[in-house]
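Participant: This structure is in structure tokens; I'll ask about it shortly.
Values quoted throughout were computed directly from the atomic coordinates according to the rules given, and no laboratory measurement underlies them. Since the model is a prediction, treat every value here as computed from it, not as a measurement. Every residue, glycine as well, gets a Cβ built from its backbone with ideal geometry; the counts of neighbours run over all protein chains shown.
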């Protein structure tokens, strides 16, 4: 009888130990789930806060920009001169699509300062701005605007001249122009700058 009671106690203890162990495992699992849930929620909250913060400081992820890389069969010096010398650029203007289709631009000659900070006016004054950086035969950076834009609207046009084989590649970037103008401007750079410039340089 005593032996039976001892065996019953041992079995009961083993069962209680197993129950406590299972309960502990269950508690750990619940604890882990709560911690994971809090971490996940915190991650979402932080991402959401980051998105709101970006919006609050005015960062736009949708601004348009233009990147083009026309190549010309001549030296960097020759390309630089054609873009910065008013009399040479006048020849480019006369061969441009704009002058062929918009005679209303008139015959006003190009004005191009060769000094940083100096003004320029092209295509009868329809395009204007200021030279920001001029590194001979290497780089031109301009504050650039079209006459149809709202007052105070300006963009940045950057021409980086690099040697390519026996010619010159312009790494061109244009940004900061009014929303929705990208397509028209991209076509304009081709028809009014690169194509007539290539013709002029080939003469």
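Participant: Give the calculated FRET efficiency between residue 94 and residue 175 to the nearest 0.05, with a Förster radius of 22 Å applied to their Cβ-Cβ distance.
Facilitator: Computed FRET efficiency for residue 94 and residue 175 comes out at 0.20.
Participant: Separate question: By how many nm would the segment from residue 137 to residue 71 grow when fully extended, if each residue of separation counts as 0.36 nm and the alpha-carbon distance is taken off?
Facilitator: The residue 137-residue 71 span can extend by a further 22.3 nm.
Participant: Right, another one. For the stretch 115-183, what is the convex hull volume of its Cα atoms per residue in Å³?
Facilitator: 107
Participant: Let me know the shape class of the stretch 65-202, please: from the alpha-carbon gyration tensor, a ≥ b ≥ c as square roots of the eigenvalues, rounded when a/c is under 1.5, otherwise prolate if a/b is greater than b/c, or oblate.
Facilitator: Note, shape of the stretch 65-202 comes out rounded.
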